Amino acid sequence: MKDCIFCKILQKQIPSKIIYEDDLVVAFEDVNPQAPIHTLVIPKKHIPTIAECHEEDYSLIGHIHKVINEIAKQKGLTERGYRIVNNCNAEAGQTVFHIHFHLLGGRLMHWPPG
Ligand code: 5GP
Ligand code: ZN
């Protein structure tokens, strides 16, 4: 999708620290980390928000969660704990309109989130 920053990242038109890639997804480090570990996992398919998934997209969302769990394990977070966040639309604080899941860890997380 033209003018989408995350499409540009996955097409390597914008540099990022990519830590995992397969046919369906890319994972890279957030440029403005909110925790010692802050990784974003995105589908290669441009879907603006989680609310705009079609039936055929839900297996992709499941795959993203599998990849997140594998990255969390590699980073030693499995026992400690970690948070998976998806912000959907304005009130939730979504700023990039290409679905992404935040993997946050390495510090104590508070609840409720702000
Ligand atoms: P949102 O607020 O939409 O849930 O999250 C967007 C995230 O993307 C933010 O955490 C922000 O720091 C990150 N981000 C925005 N632009 C870039 C970029 O160009 N490179 C990287 N690595 N992360 C970005
Ligand atoms: Zn995109």
Query raised in the report: Considering region 1-50 alone, what residues qualify as being within 22 Å of Arg80 (Cα to Cα) and touching an Asp or Glu at 6+ places or on another chain (Cβ under 7 Å)?
Result: Ile19, His38, Thr39, Leu40
Query raised in the report: Restricting region 63-114 to residues that are among the small types (Gly, Ala, Ser) and open to solvent by 80 Å² or more (accessible area, probe 1.4 Å), which is modelled with the lowest pLDDT?
Result: Gly114
Report summary line: Filter region 75-91 for residues that are in a loop (DSSP other than H, G, I, E, B) and basic (Lys, Arg); the one that is nearest to Asp57 (Cα to Cα) is Lys75
Query raised in the report: What strands (runs of 3 or more DSSP E), lying completely within region 1-52, carry at least 2 residues that are crowded, with 18+ Cβ neighbours inside 10 Å and more than 15 Å from ligand 2 (Cβ to nearest atom)?
Result: 37-43
Requested in this report: Keeping to region 42-60, report how many residues are among the charged types (D, E, K, R) and under 16 Å from Val96 (Cβ atoms).
Outcome: 3
Query - Hits in region 92-114 - residues which are part of a loop (DSSP other than H, G, I, E, B), within 18 Å of Asp57 (Cα to Cα) and either without any contact (Cβ under 8 Å) to a residue 12 or more places away in the chain or under 11 Å from the mean Cα position of the chain (by Cα) (or both) - result: His98, Ile99, His100
Query raised in the report: Of the residues that make up region 77-91, is at least one over 26 Å from Leu24 (Cβ atoms) and among the acidic types (Asp, Glu)?
Result: yes
Query raised in the report: Which condition breaks for Asn89 when tested against (1) touching a residue at least 40 places away in the same chain (Cβ under 8 Å); (2) on the phi < 0 side of the Ramachandran plot; (3) not basic (Lys, Arg)?
Result: (2)
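The values are calculated or read from the model by the stated rules, or taken from the named source; none is laboratory data. Keep in mind that what you see is a predicted model, and the values were worked out from it rather than measured. All Cβ positions, glycine included, derive from the backbone under ideal geometry; neighbour counts span all protein chains shown. Just so you know, the surface numbers come from the protein's heavy atoms only, side chains and all, with ligands and any DNA or RNA stripped out. Shrake-Rupley method; radii C 1.70, N 1.55, O 1.52, S 1.80 Å.
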